[in-house]
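A quick write-up on the structure given underneath.
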Amino acid sequence: MSGLAALLAEHNPPSVYQWHSAAPVPDVQHAVEHAGWTFRYLDGWTVEDRATFLKAAGACLDLADCESAEELSSALADIEVGGRGLVMLWDGWSPLARSDNGVFEEVIEALRQRAHSAGAAKLAVILRGEGPELDLPELPIKH
């Protein structure tokens, strides 16, 4: 079973994961929605600073404007999630990680805390693609 399938089947807990799949976004979206989860896509290829990330994340997740990781964390606590939970696919995470690693780490921690919140609607964040080495679990891909 691929890592995405295991996540969608709830064999892997909601968290922040790395994924090295080249599957087209519409195929990922279809798989996520077919499994009863809500899908959101964050195109981060042009995101290299806090303000740009927070604007992109807000648009992706239908959140109010946030100006800090703390505000993002608060907004994530109240996020509306339909179905079995929400999967956010974040393509292009590496530009932010490379240009402002401190902000990237704050964002990852806010997302991780929300993903691990007991009693909250399920949130899984998938960082797809190559970039700096991260201390995150990986979703294996089927070969």
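For Trp37, the residues whose modelled amide H falls within less than 5 Å of its own, excluding neighbours fewer than 5 places apart on the same chain, are Arg84. Cβ crowding within 10 Å, taken as a proxy for footprinting-reagent exposure, orders Tyr41, Tyr17 from fewest neighbours to most as Tyr41, Tyr17. Under 16 Å from a label point set 7 Å out along the Cα-to-Cβ vector of Val81, the amide N atoms of the range 49-64 belong to 61-63. For the range 76-92, putting each phi into the Karplus relation 6.51 cos²θ - 1.76 cosθ + 1.60 with θ = phi - 60° gives couplings of 5, 4, 9, 5, 7, 10, x, x, 7, x, 10, 10, 10, 8, 10, 7, x Hz, in residue order, rounded to whole numbers and with x for Gly and Pro. Neighbour counting of Cβ atoms within 10 Å sorts the residues Leu63, Leu4, Leu139, fewest neighbours leading, into Leu63, Leu139, Leu4. For the chain, the relative contact order comes to 39 percent (Cα pairs under 8 Å, sequence separation of at least 6). In order along the range 117-129, the Karplus-derived 3J(HN,Hα) couplings, from 6.51 cos²θ - 1.76 cosθ + 1.60 at θ = phi - 60°, round to 5, 5, x, 8, 4, 5, 9, 10, 10, 10, 8, 9, x Hz, and Gly and Pro are given as x. From least to most packed, judged by other beta carbons within 10 angstrom and beginning with the fewest, Lys55, Lys122 follow the order Lys55, Lys122. Looking at the range 1-54, the GluC sites (Glu not before Pro) that sit in a DSSP loop and have at most 14 other Cβ atoms within 10 Å of their own Cβ are Glu10. The reciprocal of the average 1/r between distinct C-alpha atoms defines the Kirkwood hydrodynamic radius, which for the chain equals 15.0 Å.
Read-outs throughout are calculated quantities, based only on the coordinates presented, and are distinct from any laboratory measurement. Please read these numbers as outputs of a predicted model, since none were measured by experiment. As a convention, Cβ positions derive from the backbone with ideal geometry for all residues, glycine included, and neighbour counts pool all protein chains shown.
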